[in-house]
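Enquirer: Supplied in structure tokens, the structure appears directly below.
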Amino acid sequence: MSSTPSGGRRTRVHVVSDVHGNARDLARAGEGADALVCLGDLVLFLDYADHSRGIFPDLFGEENADRIVKLRTARRFTEAREFGARLWAGVGSDRRAAIEGAVRKQYAELFAAFPTPTYATYGNVDMPPLWPEYARPGTTVLDGERVEIGGWTFGFVGGGLRTPMRTPYEIGDEEYAAKIEAVGEVDVLCTHIPPEVPELVYDTVARRFERGSRALLAAIRRTRPRYSLFGHVHQPLVRRMRIGTTECVNVGHFAGTGRPWVLEW
């Protein structure tokens, strides 16, 4: 990858989200681009398409992964939590260490795959306190912050809103809205979760509405960025739509396709 250009040359940025353990394709994701943007969810806890992959089946086996996916897909969240609690009880006091050890192993491989420069923010299944240990020079981590790439301003807001799933980096609506406000007016608004629009938050495979952000939707309408880029919903009803003058694009398909979304200007 080349450095961010100046002058009259066109700028090309590759954008990925929901990497979920796909280090092989991540290592190639920046080829031909001036920068890579990553919108989080590096960790793979459980692959809903292949229940043999991820931290959960590594610890508890594919049969138990099948069962918990079935419960969650049926929106039987209380039963899913109770079932998960019984499994984790067998791990005992080592639960936190088991999870952190597995996440660290994935982070070591994934952060090593990031090209230079990479601009990244957290997803809802990520563990932000660990990122400073693995982000090498050339990888800039942003959350509620802005950066200039090729003369355009990019704003980054990581994490997700609270849900019954209780994933690691879920925060309250007010805290999330404050980060959106801190970013302000930008050319490209980069978030992990989508704005709260039914067509953008419904997952056609999981058969449920994920949580989007009303604060993000309001900011798009108010500040009118050129683009709103996000992931989180893996199989959305609609991958792309306009809100006013803003082009809203779901780029959360990287784990399955291995292909970044390309932004060029």
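Enquirer: Looking at (1) part of a helix (DSSP H, G or I); (2) without any contact (Cβ under 8 Å) to a residue 40 or more places away in the chain; (3) open to solvent by 10 Å² or more (accessible area, probe 1.4 Å), can you tell me which one A215 breaks?
Expert: Status for A215: all satisfied but (2).
Enquirer: In this structure, does Y107 turn out to be assigned to a helix (DSSP H, G or I) and under 16 Å from the mean Cα position of the chain (by Cα)?
Expert: Considered against the rule, which asks whether it is assigned to a helix (DSSP H, G or I) and under 16 Å from the mean Cα position of the chain (by Cα), Y107 comes out as yes.
Enquirer: Working carefully through the options E181, E109, find the one that is out of contact with any His (no Cβ under 8 Å at 6 or more places or on another chain) and surrounded by 15 or more Cβ atoms within 10 Å (Cβ to Cβ).
Expert: Checking each option against the conditions leaves just E109.
Enquirer: Go through region 245-256 and give me each residue that's over 16 Å from H192 (Cβ atoms), at pLDDT 95 or above and either in a loop (DSSP other than H, G, I, E, B) or open to solvent by 30 Å² or more (accessible area, probe 1.4 Å) (or both).
Expert: Result: T245, single match.
Enquirer: Quick check on this structure: which one of V205, V157, V233 is surrounded by fewer than 17 Cβ atoms within 10 Å (Cβ to Cβ), touching a residue at least 12 places away in the same chain (Cβ under 8 Å) and β-branched (V, I, T)?
Expert: Exactly one residue qualifies, and that residue is V205.
Enquirer: Any idea which of P164, P137, P129, P168 is part of a helix (DSSP H, G or I), out of contact with any strand residue (DSSP E or B) (no Cβ under 7 Å at 6 or more places or on another chain) and either surrounded by fewer than 18 Cβ atoms within 10 Å (Cβ to Cβ) or not aromatic (F, W, Y) (or both)?
Expert: Criteria check complete, one pass: P129.
Enquirer: Follow-up. Across region 20-33, what is the number of residues that are touching a Lys or Arg at 6+ places or on another chain (Cβ under 8 Å) and open to solvent by 10 Å² or more (accessible area, probe 1.4 Å)?
Expert: Result for region 20-33: 3.
The values are calculated or read from the model by the stated rules, or taken from the named source; none is laboratory data. Nothing here was measured: the structure is a model prediction, and the numbers come from that model. Here the Cβ is made from the backbone with ideal geometry for all residues, glycine too, and neighbour counts use every protein chain on show. Protein only, heavy atoms only, side chains kept; ligands, DNA and RNA dropped before computing areas. Shrake-Rupley method; radii C 1.70, N 1.55, O 1.52, S 1.80 Å.
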